[in-house]
Amino acid sequence: MSDVLNVSEMFGKNVFNDAVMRDRLPKSVYKKLKKTIEDGAELDPSIADVVAHAMKDWAIERGATHYTHWFQPLTGVTAEKHDSFISAPSDGKVIMEFSGKELIKGEPDASSFPSGGLRATFEARGYTVWDCTSPAFLREDAIGVTLCIPTSFCSYKGEALDKKTPLLRSMQAVNEQALRILRLFGNTTAKRVAPSVGAEQEYFLVDREKYLQRKDLIYTGRTLFGAMPPKGQELEDHYFGAIRERIGSYMNDVNKELWKLGVPAKTQHNEVAPAQHELAPIYEGVNQAVDHNQIVMETLKKVAGRHGMACLLHEKPFAGVNGSGKHDNWSLTADDGTNLLNPGDTPHENIQFLLVLACIIKAVDIHADLLRESASDVGNDHRLGANEAPPAIISIFLGEQLEDVIDQLCSTGEATHSKQGGTLKTGVDILPDLDKDATDRNRTSPFAFTGNKFEFRMVGSSDSIASPNTVLNTIVAEAFKEAADILEKADDFDMAVHDFIKKTLAAHKRIIFNGNGYSDEWVAEAERRGLPNIRSMVDAIPALTTDKAVKLFEAFGVFTKAELESRSEVEYENYSKAINIEARTMYDMASKSIIPAVIKYTTQLAASIGAVKGVCQEADVSTQTELLIETSELLTGIKTALAHLLEATEKAAAAEGGKGQAVIYHSQVVPAMEALRAPVDQLEMIVDKELWPMPSYGDLIFEV
Ligand code: ADP
Ligand code: MG
């Protein structure tokens, strides 16, 4: 069959990957580059010209005309500026050029990227710097073929203006400290420990024609109005349901695009809500995983357009049905293949694992506020701490087996056995018996141990996974450091490590919770345990600049105090801007589309009453009359709510920027938006569908 998909041939076709480099670079250059990529050695700038030429030739052979430094500013999406390879014409002819200097450094005129005060406009220089540890790739789209070079983005003074730079710094920190832990246990051969990450991505698909009829979706990525359809997700018939043809053909195209770009897209299925789906890649080194997740998000959107659909990455596109998140699966892998989070079959004997586990538990307990902050974005406020999972309280799920080991350790000072999973018997002779996992799955924990990795489930679907991983790497580096500082000096290592694990677990056990994280009892219990319950993004941001945070991040060279302050500024600003756009979109839709439609409806009702009465005085028009009264009352409700929203928005917009302004948006504008939504949604249930000015929830989520 000629049209059989040859995945292995397609995979990585558009990536300047190891095989291409080995093939096209002189051996000595290749070796030097590999030293940086694999061992973290400093990049030798003298090889840049050679690499640039090879990259250019490879790209041009594949049709590329332009290159771009691809970076991740604090807007949360990627940015790029395209330059063509052409040189200045001489004799009317151009040649295609790309120098080492152009590969290594770019200077986008980037004064309009958020910097949170790090760069005043008069010193607006910002540099993009080649990150050779994430391979360059070719993007094919309507613009043509573009060579994309992953880069960091820094200010003139070297301050990070992006999400990648701190991530790379945090990788250095956790590498150094994790190696100290491995050395304690006699591992002298491992040279590098790097976080491995797999990010499961949820998204919604809606029909593009209908999408274009909703200003809220266009401007804000979510519906700001919308009554629930008669059927929601209660039947649970969508989750893992058969994938329909239109969606299947979309997923097929997405996979092909991703495979060409070397993104190991692996799993796809329908999610809980109607029209909701998930894509998960195979895990990779964290830097790649972060870049690839950005590519996944871009690809999901781009391909949707080709299939007459729109992809919604917002955390909560529809009220009343599940929102979307991103599960950040995280573990630590040494270059000799050891996964530091692998407990083995008998975790109670695996002292290195227990030490690593104790350190992670401690890190998460001490820095729960930072982890919570790293997962906050404007859209995620509708999930975390609202009526949805996961809860805003950070806790750790370990599962029965590990919790039992920890209980043994804490009560007797020694763990003597590990519970085993046993055998799964179905009672059907023709089905094989299976070995069971020692631990059942838990779906409600924000931070769950799942076999040989932790799964951080709070991250928002539209957010970059860079910040959560930067925080995770750094807090774990700190806990490792504190352990290594003590244990390296111990006279009797065995005694000392047992003692350390026991003490650490006892001190931080409160963060472990194996029950139902969605229950009200847990909220009360967590409060009793003194765990923070941070309900919103605005409440979360201060965690970035506490003394504790500054000390942590400065100690490991991940952020300076100024960088943290600038980041918190940018976040407040992003919040205020996003809510301002939502409020103005609501105002616009309500006053220009919804009110006129409702007035039309009341006029029809009044006309009907008049007409019926005109023909027959005795006729019963009570239904029309009641509807008219109800509709008119709700219309007044809209008018009042609209006035309040306008007042609140003007007040917020006039406030001085930063925290104060964000607080006004959060505490006054958001409630005013909710107050406007209520009568509108009620009216949508009453008003003639023909008159309603936009597609309903039912149209959007059941008719893709
Ligand atoms: P689920 O959460 O649905 O049970 P899986 O176990 O299939 O999912 O894994 C989810 C994600 O976790 C995938 O992206 C997978 O590659 C990733 N993953 C698996 N093992 C590890 C690991 N050791 N470290 C990091 N990520 C991992
Ligand atoms: Mg998962």
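The values are calculated or read from the model by the stated rules, or taken from the named source; none is laboratory data. Since we're looking at a predicted model, the values are computed, not measured. In this analysis, Cβ positions are derived from the backbone assuming ideal geometry, glycine residues included, and neighbour counts consider all displayed protein chains. These accessible areas exclude ligands, DNA and RNA; they are computed on the full protein's heavy atoms, side chains included. Shrake-Rupley method; radii C 1.70, N 1.55, O 1.52, S 1.80 Å.
Structure notes:
- In this structure, GLY158 does satisfy being under 29 Å from ALA54 (Cα atoms) and free of Cβ contacts under 8 Å to residues at least 24 places away in the same chain.
Conditions (1) in contact with a helix residue (DSSP H, G or I) (Cβ under 8 Å, 6 or more places away or on another chain); (2) charged (D, E, K, R), marked per residue:
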{"site": "PRO73", "(1), (2)": "no, no"}
{"site": "VAL129", "(1), (2)": "yes, no"}
{"site": "CYS132", "(1), (2)": "yes, no"}
{"site": "ILE149", "(1), (2)": "yes, no"}
{"site": "LYS157", "(1), (2)": "no, yes"}
{"site": "LYS164", "(1), (2)": "yes, yes"}
{"site": "ALA173", "(1), (2)": "yes, no"}
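- Residue in the range 133-153 that is open to solvent by 20 Å² or more (accessible area, probe 1.4 Å) and over 30 Å from VAL303 (Cα atoms) present: no
- Filter pass, LEU645 being part of a helix (DSSP H, G or I), in contact with a Ser or Thr (Cβ under 8 Å, 6 or more places away or on another chain) and either open to solvent by 70 Å² or more (accessible area, probe 1.4 Å) or not aromatic (Phe, Trp, Tyr) (or both): no
- Residue check, ASN287 polar (S, T, N, Q), within 15 Å of ligand 1 (Cβ to nearest atom) and touching a helix residue (DSSP H, G or I) at 6+ places or on another chain (Cβ under 7 Å): yes
- Within the range 533-552, no residue satisfies the criterion of being assigned to a loop (DSSP other than H, G, I, E, B), over 19 Å from ILE579 (Cβ atoms) and not polar (S, T, N, Q).
- Index of the failed condition, ARG528 passing every other in (1) under 20 Å from ARG383 (Cβ atoms); (2) without any contact (Cβ under 8 Å) to a residue 60 or more places away in the chain; (3) open to solvent by 50 Å² or more (accessible area, probe 1.4 Å): (1)
- Condition met for ILE47 (touching a residue at least 60 places away in the same chain (Cβ under 8 Å) and among the hydrophobic types (A, V, I, L, M, F, W, C)): no
- One residue alone among THR36, THR68, THR75 is open to solvent by less than 30 Å² (accessible area, probe 1.4 Å) and farther than 28 Å from ASN175 by Cβ, and that residue is THR68.
- Considering the conditions (1) part of a helix (DSSP H, G or I); (2) touching a strand residue (DSSP E or B) at 6+ places or on another chain (Cβ under 9 Å); (3) crowded, with 22+ Cβ neighbours inside 10 Å, LEU179 is excluded by exactly one of them, (3).
- Any hit, the range 354-371, residues being at pLDDT 95 or above, closer than 29 Å to GLU414 by Cβ and within 16 Å of ligand 2 (Cβ to nearest atom): no
- Evaluation of THR299 against (1) under 27 Å from SER170 (Cα atoms); (2) among the hydroxyl-bearing types (Ser, Thr, Tyr); (3) at pLDDT 95 or above (one fails), failing number: (1)
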